[in-house]
Amino acid sequence: MPALLGISVVLFTVLALAPGDPFEELATNPNVPPEVRQNLRAKFGLDDPLPVRYARWFTSMLRGDWGFSFVSRVDVNTLILQRLPVTLVVLGSAQLLAIMIAVPIGTYSALRPYSLFDQLATTLAFIGFSLPTFFTGLLFILLFSIYLDWLPFIFRADIGAIGWRWYWEHVRQSIMPVAVLGLFQASATTRLMRAAVLDVIRLDYVNTARAKGLSERTTLVKHVVRNALIPVVTLVALQIPTIFGGAIVTEQIFRVPGIGSLLISSILANDTPVVMAITFVYSGLVVVSNLAADLLYGWLDPRISYR
């Protein structure tokens, strides 16, 4: 809670001091009298001192009122609730895909160091980590949408289908955004998983487990992979801001109606209440993900306790 409070203070101050006026169009419109613009600024309290504006915004946010969009003319809560589920599904699926790829490949590469598989996996990981998501997204569109015509390159929220067809169309249009983000995250996670397994597999307790007669599978899963996942969990938690940043670009490329594309359009329109709310939601998700990572430490390593 102190972290979220500090984040809210910094975000509100930076956005309040940023140049621009949400009613700039009214000021340049000759058909709108100047007093109308002044009345709107007074109504929304834009001319009040900064501490007063922050206190009003923070208390309203605690009550569930996150403001009013100057551009869309609807509540910010409504806009975010419409877009947030799509973003969470895409990001969650991408992170799950990254873990499913990185853990087995990184583990097998560590068990067969400097083999052909290890060299191939390392090369592909470096390539995947070096390519930005917008470049990979364009390559996917050219290959799978234009040349092969397998997948749609525009994400549609209004699919005219019912039943299983509706779910299948949503899966088809989510494959490329999820793959772009998931493969990018899997590249770095694979390298870290390989290094972590190499460190753990040489420790004495692994040799002790083998000497006690445990099978190689039990030793690998229970003692090696479980302890090697501790730094990987840390990396996954620290990668959350990077995932959100990549999601903003990816949503623009594939026209995904998430809060990333809403953030870009709100910044261009100088819609400060929406920008503030979305940025704070991103910050809250990052804090929650790091908290979840801290809790996972205790499950992965029983030596860790919380007091």
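Quick one: 3J(HN,Hα) in Hz for region 222-229, Karplus 6.51/-1.76/1.60 with θ = phi - 60°, rounded, Gly and Pro as x.
Karplus-based 3J(HN,Hα) across region 222-229 equals 7, 10, 8, 5, 4, 6, 6, 6 Hz.
Taking the solvent-accessible surface of protein heavy atoms with a 1.4 Å probe, what is the per residue accessible area of the chain in Å²?
Accessible surface, normalised per residue, equals 57 Å².
Express the C-alpha Rg of region 153-201 as a ratio against the empirical globular expectation 2.2 N^0.38 Å, rounded to two decimals.
1.81
Can you give the charge dipole size of the chain about its Cα centre, rounded to the nearest 20 debye, using +1 on the beta carbon of Lys and Arg and -1 on the beta carbon of Asp and Glu?
Roughly 1040 debye, rounded to the nearest 20.
If you take the charge dipole of the chain about its Cα centre, with +1 on Lys and Arg Cβ and -1 on Asp and Glu Cβ, which of 215, 234, 278 is farthest toward its positive end?
Result: 215, furthest along the dipole toward the positive end.
Percent of accessible area on region 252-292 owned by carbon and sulfur, 1.4 Å probe?
74 percent
At q = 0.14 Å⁻¹, what is the log10 ratio I(q)/I(0) for region 198-306, with the Debye formula run over Cα points and no solvent?
-0.71
Hey, any idea what % of region 92-179's accessible area is carbon plus sulfur with a 1.4 Å probe?
75 percent
Sort all Cα-Cα distances of region 105-190 into consecutive 5 angstrom bins from zero, then give the percent of pairs in each bin up to the one containing the longest distance.
It works out to 3, 14, 18, 16, 14, 14, 9, 7, 3, 1, 0, in whole percents.
If you place +1 on the Cβ of every Lys and Arg and -1 on the Cβ of every Asp and Glu, how big does the dipole about the Cα centre of region 92-199 come out, in debye to the nearest 20?
Value, rounded to 20: 80 debye.
With a cut-off of at most 14 other beta carbons within 10 Å, and DSSP calling the residue loop, which chymotrypsin sites (Phe, Trp or Tyr not before Pro) in region 51-134 qualify? Please list them.
Listed in order of number, the matching sites are 114.
Using a Gaussian network model of the chain whose springs link C-alpha atoms within less than 10 Å, name the residue from 250, 218, 122 with the highest mean-square fluctuation.
In the Gaussian network model the winner is 218.
Quick one: which residues, 5 or more positions from residue 68 or on another chain, have an amide H under 5 Å from its amide H? H modelled 1.01 Å from N in the peptide plane, none for Pro or chain starts.
76
Just to confirm the filter: which trypsin sites (Lys or Arg not before Pro) across region 132-236 are DSSP coil and have at most 11 other Cβ within 10 angstrom of their Cβ?
202, 212
Tell me which of 14, 245, 119 sits at the most positive position along the dipole axis of the chain, charges placed on C-beta atoms (Lys, Arg +1; Asp, Glu -1).
Working it through, the farthest residue towards the positive pole turns out to be 119.
Picking from 65, 204, 75, which is most flexible by a Gaussian network model of the chain using Cα springs under 10 Å?
204
Roughly how much of residue 150 is accessible, in Å² to the nearest 10, using a 1.4 Å probe?
Counting only protein heavy atoms, the figure is 150 Å².
Using the Cα atoms of the chain, I'd like the radius of gyration and the largest Cα-Cα distance, Dmax, both in angstrom.
For the chain, the Cα radius of gyration and maximum Cα-Cα distance read 24.1, 86 Å.
The values are calculated or read from the model by the stated rules, or taken from the named source; none is laboratory data. In this text the structure is predicted, and so the values were computed from the model without any measurement. So basically every Cβ, Gly included, is an ideal-geometry build from the backbone, and we count neighbours across all protein chains shown. For the accessible areas, the whole protein counts, side chains as well, though only heavy atoms, and no ligand, DNA or RNA atoms are used. Shrake-Rupley method; radii C 1.70, N 1.55, O 1.52, S 1.80 Å.
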